[in-house]
Amino acid sequence: MLAEGRHARIVEMVHRQGTATVTELAEALDISESTIRRDLDKLDQAHRLIKVHGGATTLESAHLTRDLTLEERHGLHAEEKRAICAYAATLIRPDDLVYLDAGSTVEELLNHLTEHNARYVTDSVSHAMKLAARGFHVTVLGGELKSATESLVGPDTIASLSRYHFTIGFWGVNGTNPESGLTSPESNEALIKQLTMERTARPYVLADASKFDNTSLVEFGSFDAATIVTCGDVPEKYKSCKNVVEVAQ
């Protein structure tokens, strides 16, 4: 079997099961475990799956327990993110002080922003650079740089927040449901999400449908702490929630 076809079968099996071991993959494809390990290295480097000890898992599954890099997140539910962010951008008014969370979903929102009279504040260095290059008025919070998400965290970030009362804000989320609330995999970043959301008059969480009924490691707000803008195959039970806004793809 050619490598391209083998890789496609590996990715299909991992996505169908959520996770797969090296042994399972080797038996299913009738090849050696050493070949599977080399294939998983290449597929991980290409951000088509995540290699873990003894096998592989999907990017979505890994996203619940650790922060994926921005490069790993690109391409995940891209069409849904575009629809969500196109709608979210229309919510910003000329006099708003806007908070922008770090992460790939809010990064997509940057592509849809048109309101140059609003002021923007973010904990993401990369977001700030992109906004500044397009002529937006942007302020970056201080703090320790977290390389995976290019966000700022720590005591200096928390201290700088005391000056702000945001009129509107946008956050990403790794998992959400009424029992576990809005969740993220890392405690320092979750704290910044919580504090900024508490200081925002009109908070919005931008979440494609895959985030529902999932729970990450750290809660940063209750399920109804923000309006959740979503798109995709939204579970039926969430369609009637007052704080859930579903947009067309």
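Taken over segment 42-57, the residue count meeting the criterion of being open to solvent by 50 Å² or more (accessible area, probe 1.4 Å), over 23 Å from the mean Cα position of the chain (by Cα) and over 16 Å from residue 5 (Cα atoms) is 1.
Segment 80-172 holds helices (runs of 4 or more DSSP H) entirely within its bounds, and those carrying 2 or more residues that are open to solvent by 10 Å² or more (accessible area, probe 1.4 Å), of a type outside the set (Phe, Trp, Tyr) and without any contact (Cβ under 8 Å) to a residue 24 or more places away in the chain map to 125-133, 155-161.
Restricted to strands (runs of 3 or more DSSP E) entirely inside segment 1-58, those with at least 2 residues that are in contact with an Asp or Glu (Cβ under 7 Å, 6 or more places away or on another chain) are 50-52. Once segment 173-190 is narrowed to residues that are charged (D, E, K, R) and touching a strand residue (DSSP E or B) at 6+ places or on another chain (Cβ under 9 Å), the residue that is surrounded by the most Cβ atoms within 10 Å (Cβ to Cβ) is 189. The set of residues in segment 173-191 that are within 22 Å of residue 246 (Cα to Cα), touching a Lys or Arg at 6+ places or on another chain (Cβ under 6 Å) and in a loop (DSSP other than H, G, I, E, B) contains only 173. Picking from residues in segment 213-249 that are closer than 15 Å to residue 179 by Cα and open to solvent by 80 Å² or more (accessible area, probe 1.4 Å), the one that is modelled with the lowest pLDDT is 217.
The values are calculated or read from the model by the stated rules, or taken from the named source; none is laboratory data. What you see is a predicted model; the values in this text were computed from it and never measured. FYI the Cβ positions are ideal-geometry reconstructions off the backbone, even for glycines, and counts take in every protein chain you see. Remember, those area values only see protein heavy atoms, side chains included, never the ligands or the DNA or RNA. Shrake-Rupley method; radii C 1.70, N 1.55, O 1.52, S 1.80 Å.
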